[in-house]
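Data first, discussion second: the structure below is written as structure tokens.
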Amino acid sequence: MKMHKASLFALYAVLELASDPERQLSATDIAEAYGISTHHLAKILRTLVRSGLVQAVRGAGGGYRFTGVVNRTTLLDVIELFETLESELDTPNPKGQAGAAVIEELQSITNEIDDLTKAILDTITLETALNSARLRARVAPQG
Amino acid sequence: MTDPVTIRNALPTDFEVVIALDLFGDAKEKPAYWRGIFDRYVIAGRDDRIFLVAEIGGEVIGFIVGEVRAWEFGSPPCGWVFALSVAPKARERGVGELMLKQLCKRLKQAGITTVRTMVDREDKLTLSFFRSQGLRSGRYIELEKPIDELELGATL
């Protein structure tokens, strides 16, 4: 599975903001923390605001804050704002029946992988991901 | 429900309440199945079979069942959780977490270092719970297929 950059950046932003829903962060704050483009992230944040997961706070000291439900929102909820997670089989038109059956079988296998991927991402809430990340940070502190 | 949650071994007298709790997760009532489970996991009193219930104020509001399984396709002994339910009115109080922790404690005392389960991928509530407790996809992959009469006839 190759996650789109937009989905990955959205997960960075949502997880960072959800880790402290009281806190407001600018696009630059988040982009710098993850070493990503502020310009690209700003576009992603607009989509997150439209979805209701994030609120834009205007004025001095403004920024973004998390407004979703941390133990109900899953990683898939965030990713599906940006992509469908359907593997694409770039198939030409099969000439014979045998070719069609092989293509159908390969499509069925990629569907099986996609279903499994979605089932995993749809059961990991932001809260679970944040708890696991905190545990990981405690076990292996950054030097 | 402000009383503390307590966890204890299931007793034969918990039979009816367990069946009632099971209905919160599964619409099918299956007393014969639970009679068998109580015989093997409660009455038999074996250390490798664990059946716990959670109580609040003397009322049973949840249960968990697990056991030690060994050498299935070469898998060293591991703990299996195969049933878990918490009454909706007692959810979001950490009841499931307490029961799973107690079950893992018992497994650890029996020398087991891994706990495993299998849940319907549509059962997002239970899957999310196990995820929140740190369980992830493991080394073993569940596979299945419908048993086709015609296919059996062709190969036998």
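Observations, loosely collected:
- Qualifying residue in segment B:115-131 (condition: farther than 29 Å from A:K118 by Cβ, more than 14 Å from chain A (Cβ to nearest Cβ) and of a type in the set (A, V, I, L, M, F, W, C)): no
- The helices (runs of 4 or more DSSP H) located wholly in segment B:92-156 that include 3 or more residues which are closer than 23 Å to B:V60 by Cα occupy B:95-109, B:124-132.
- Filter pass, A:E80 being within 11 Å of chain B (Cβ to nearest Cβ), surrounded by 13 or more Cβ atoms within 10 Å (Cβ to Cβ), of a type outside the set (A, V, I, L, M, F, W, C) and closer than 30 Å to B:E142 by Cα: no
- Cβ-Cβ under 6 Å pairs, at least 6 apart or on other chains, segment B:68-97 side surrounded by fewer than 14 Cβ atoms within 10 Å (Cβ to Cβ), far side assigned to a loop (DSSP other than H, G, I, E, B): B:A70/B:P77
- Just one residue in the set B:G153, B:G134 is among the small types (G, A, S) and away from chain A (no Cβ under 14 Å); that residue is B:G153.
- Residues that are part of a helix (DSSP H, G or I) and polar (S, T, N, Q) were ranked within segment A:77-109; the one that is modelled with the lowest pLDDT is A:Q97.
- Residues that are in a strand (DSSP E or B), touching a residue at least 24 places away in the same chain (Cβ under 8 Å) and more than 21 Å from B:P88 (Cβ to Cβ), drawn from segment B:37-64: B:I50, B:F51
- Within segment A:39-76, restricting attention to residues that are in a loop (DSSP other than H, G, I, E, B) and among the small types (G, A, S), the residue that is nearest to the other protein chains (Cβ to nearest Cβ) is A:G68.
- Scanning segment A:110-128 for residues that are more than 9 Å from every other protein chain (Cβ to nearest Cβ) and either closer than 18 Å to A:Y12 by Cα or assigned to a loop (DSSP other than H, G, I, E, B) (or both) yields A:L121, A:L126.
The values are calculated or read from the model by the stated rules, or taken from the named source; none is laboratory data. Remember, it's a predicted structure, so these values are computed and weren't measured experimentally. Cβ: placed from backbone, ideal geometry, glycine included. Neighbour counts: every protein chain shown.
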